[in-house]
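The values are calculated or read from the model by the stated rules, or taken from the named source; none is laboratory data. Small disclaimer: the values here were computed from a predicted structure and weren't measured. All Cβ positions, even for glycine, are placed from backbone atoms using ideal geometry, and neighbour counts span all protein chains on display. When the accessible area is computed, the model is the full protein with side chains, heavy atoms only, and any ligands, DNA or RNA have been set aside. Shrake-Rupley method; radii C 1.70, N 1.55, O 1.52, S 1.80 Å.
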Amino acid sequence: MNLNHLRGSLVALVTPFDQEGNPDFERLGYLIDWHLAAGTDGIVILGTTGESSTMTQEEDDAVCKFTVERVSGRIPVIAGSGSNCTQSMLERSLKFQELGANGLLLIAPYYNKANEEGMVRHFLAIADQVEIPCILYNVPGRTGCSIPVSVVKRLAAHPRIAGIKEASGDMGYAMEIAALLSEDFVMYSGNDDITVPLLSIGATGVISVLANILPAETHRMVWDYLNGDTEGAAEMQLRYLELIHCLFSEVNPIPVKTALALMGKCESHMRLPLYDMSESARKTLAISMRKAQLL
């Protein structure tokens, strides 16, 4: 499956947990089926929203295997295999490839960070050894470092590096990345609050937290823009802006899991250090959800 031409709304899917803290595959299957019916264009698992940072490799593998089998080739499945350890990232990437993932999401190395040459080699160590497309993930708010534009330029020439999830919130940086885009290297918005602005400079879609609770609407917003209805897309972006802000009023995925629980889609169970949403923030989220006719 060629990710170079993948457009639209890709959900950054939550990982449901049961009361004992184990991955809840019944609920995960329900959510996947809901996204397939709603028109979601791709599923991204085991990313920030998917809580992979608190899961074991065995659990990650099980979630990947289950998702690939449930989706059954109907839309692409992209697995977050990133790590601050290059060897660990390679092992995870090769395993997810073996399990049938259609692509990989590779976060910038966090905590230890890297100089420019180290960061280039970090990503090339995976791209040179896998056979499926890789998407870079720039999210300095999480990692403490940004992927320099010079690094992106070098990596964009690699045949298996298909794009970047741009989640810095920095439009100046995004515009520099936009100058590097081609048929073989695309950009996805990683911030739901500026999806339409990024589409306006050449992004082809969004890897979205909002799509967890508004899958059909997020799909429509992106495709309205891509099909030429820029005013309609902008209207939707502004309509849901308050809700988007509520989804990031506390650390992701705390609010979106709370929202899914309020909708009866899955429980809000998380693993420490993530914890239940504060009561005041939860009430504000519920008000915003009612305005969006989700409750």
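Structure data summary
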{"item": "Restricting segment 114-140 to residues that are in a loop (DSSP other than H, G, I, E, B) and of a type outside the set (S, T, N, Q), the residue that is nearest to the chain's Cα centre (by Cα)", "result": "VAL139"}
{"item": "Residues of segment 14-41 classified as in contact (Cβ under 8 Å) with a residue 40 or more places away in the chain and either in a loop (DSSP other than H, G, I, E, B) or under 15 Å from the mean Cα position of the chain (by Cα) (or both), total", "result": "11"}
{"item": "Lone qualifier among GLU20, GLU26, GLU51 - being more than 17 Å from MET187 (Cα to Cα), acidic (Asp, Glu) and open to solvent by less than 10 Å² (accessible area, probe 1.4 Å)", "result": "GLU51"}
{"item": "Close pairs (8 angstrom Cβ cut-off, 6 or more residues apart or separate chains): within 26 Å of GLU217 (Cα to Cα) and polar (S, T, N, Q) in segment 267-295, open to solvent by 40 Å² or more (accessible area, probe 1.4 Å) and not in a helix (DSSP H, G or I) anywhere", "result": "SER268/ASP276; THR284/SER249"}
{"item": "Counted residues, segment 113-133 - those being within 22 Å of GLN97 (Cα to Cα) and surrounded by fewer than 12 Cβ atoms within 10 Å (Cβ to Cβ)", "result": "2"}
{"item": "Within segment 238-295, helices (runs of 4 or more DSSP H) holding 3 or more residues that are modelled with pLDDT of 95 or more, farther than 15 Å from ASN191 by Cα and open to solvent by 70 Å² or more (accessible area, probe 1.4 Å)", "result": "279-291"}
{"item": "Filter pass, ILE201 being open to solvent by less than 50 Å² (accessible area, probe 1.4 Å) and either in contact with a helix residue (DSSP H, G or I) (Cβ under 9 Å, 6 or more places away or on another chain) or over 18 Å from GLU166 (Cα atoms) (or both)", "result": "yes"}
{"item": "Residues satisfying the stated conditions in segment 60-82, i.e. under 17 Å from THR40 (Cβ atoms) and among the basic types (Lys, Arg)", "result": "ARG70, ARG74"}
{"item": "Search result, residues across segment 54-68 that are open to solvent by 10 Å² or more (accessible area, probe 1.4 Å) and either touching a strand residue (DSSP E or B) at 6+ places or on another chain (Cβ under 7 Å) or free of Cβ contacts under 8 Å to residues at least 12 places away in the same chain (or both)", "result": "THR56, GLU58, GLU59, ALA62, VAL68"}
{"item": "Filtered residue count, segment 133-146, keeping only those that are aliphatic (A, V, I, L, M) and modelled with pLDDT of 95 or more", "result": "2"}
{"item": "Members of segment 69-81 that are within 17 Å of ARG27 (Cα to Cα) and open to solvent by less than 50 Å² (accessible area, probe 1.4 Å)", "result": "VAL71"}
{"item": "Matching helices (runs of 4 or more DSSP H) fully within segment 141-202 where at least 2 residues are more than 20 Å from ASN115 (Cα to Cα)", "result": "171-178, 195-200"}
{"item": "Test: ALA108 is touching a His at 6+ places or on another chain (Cβ under 9 Å), farther than 19 Å from SER182 by Cβ and small (Gly, Ala, Ser)", "result": "yes"}
{"item": "Any hit, segment 82-93, residues being surrounded by fewer than 18 Cβ atoms within 10 Å (Cβ to Cβ) and of a type in the set (Lys, Arg)", "result": "no"}
{"item": "Some residue of segment 102-112 being assigned to a loop (DSSP other than H, G, I, E, B), in contact (Cβ under 8 Å) with a residue 40 or more places away in the chain and surrounded by 15 or more Cβ atoms within 10 Å (Cβ to Cβ)", "result": "yes"}
{"item": "Qualifying positions in segment 141-174 - in contact with a Gly (Cβ under 9 Å, 6 or more places away or on another chain), open to solvent by 30 Å² or more (accessible area, probe 1.4 Å) and over 18 Å from ILE201 (Cβ atoms)", "result": "GLY141"}
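A quick yes/no check of all residues on (1) small (Gly, Ala, Ser); (2) closer than 19 Å to SER9 by Cβ:
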| position | (1), (2) |
| --- | --- |
| GLU183 | no, no |
| GLY190 | yes, yes |
| THR230 | no, yes |
| LEU238 | no, yes |
| PHE248 | no, yes |
| SER280 | yes, no |
| LEU294 | no, yes |
